[in-house]
1. When the dipole is taken about the Cα centre of the range 3-122, and only Lys, Arg (+1) and Asp, Glu (-1) are charged at their Cβ, what size is it in debye, to the nearest 20?
2. Quickly estimate the mean residue ellipticity at 222 nm for the chain, helices only: each DSSP H run with n ≥ 4 gives -39500 (n - 2.57), and the total goes over all residues, rounded to 500.
3. Could you give the size of the charge dipole of the range 129-221 about its Cα centre, using +1 on the Cβ of each K and R and -1 on the Cβ of each D and E, expressed in debye and rounded to the nearest 20?
4. Check the straight Cα-Cα distances from residue 202 and name the lysines below 22 Å, setting aside those fewer than 8 residues away within the same chain.
Amino acid sequence: MYRILLVEDDASLAAAISKTLTDYGNEVRTVTDFRDVTGEFLAWQPQLVLLDLMLPYYSGYHWCAELRKLSKVPIVFLSAASDNMNIVTAIGLGADDFIAKPVDPAVLNAKVQAQLRRTYELGGGGGALRFHGAELRPGEAAVVYEGRKIELTKNELRILQVLLERKGRIVSRDELMRALWQSDLYVEENTLTVNVGRLRRKLEEHGLKDVIVTKPGSGYIIL
C-alpha cells in the first residue's frame, strides 16, 4: 500500500480519483487547505503527489517547486491545460509526469502505478521496508521513526536496504560490497566498516538501538 497526496480542488473529481486509486490498494488523502499544501505534505508524508495545475491561492507550479525543496517523491500533474508549454514547464520544475484532463481512470492508475513501481520497486527494493517500528523509504533516502525523519547518505541507504531485503539472515561483507558496487557506490572494505558504524550510530541517536547486529567473521544481520 502506498500513500498518495491528492491536490485537487474539484471535489467531485477528487472523490473519483481517490476511489480509483484506493480500489487499487493505495491510501489517498486529499488536501483541504490550499494555502498550506506543504504543511499537509509534511504531516502525511506521502510516497507520491498528484497535483492539479490550476488551484486556489497558488498554482500547481508553485507547489511543485516548494515540494521539490522538501522531497524527491514522484509528482504527477493533472490538468486540462495539457499543451506542450505547460508540460515542459511542469517537468522543468521537477514533475515526473503529466496527465491530461479529463482523466481516464485506467490511464491514471497505470501511470501512478508505473511511477510508484519505478521509484520504490525497480529502483528501490520493494517500496517502504519496515523494521523495529520504523520504515525505510528508499525514494526519500530516509528512515521514518516515531514521526521523525532520519536522512541517509547514499551508502547508508543502500546498506540498510540490502540488510532489510535479506532480513533474518546474515549478509556477508562481500555481499554488501557487491551491492554497493552495482549501485555505482564504490567502497573499500575499511570504508564499509566506517559506513556501517555511522549508520548504526545514526539509528541509535534516534532511539533505534540494536538494529544492525554484527556477526564476527560472517557479516551483519537485521532480525
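Bear in mind these aren't lab numbers, they're just calculated from the coordinates by the rules spelled out. This is a predicted model, so every value here is computed, not measured. Positions of Cβ are generated from backbone atoms using ideal geometry, with glycine treated the same way; all protein chains shown enter the neighbour counts.
1. Its charge dipole is roughly 340 debye.
2. After summing the helix terms and dividing by the residues of the chain, the value is -13000 deg cm²/dmol.
3. Computed charge dipole of the range 129-221: roughly 200 debye.
4. Filter leaves 72, 149, 154, 167, 215.
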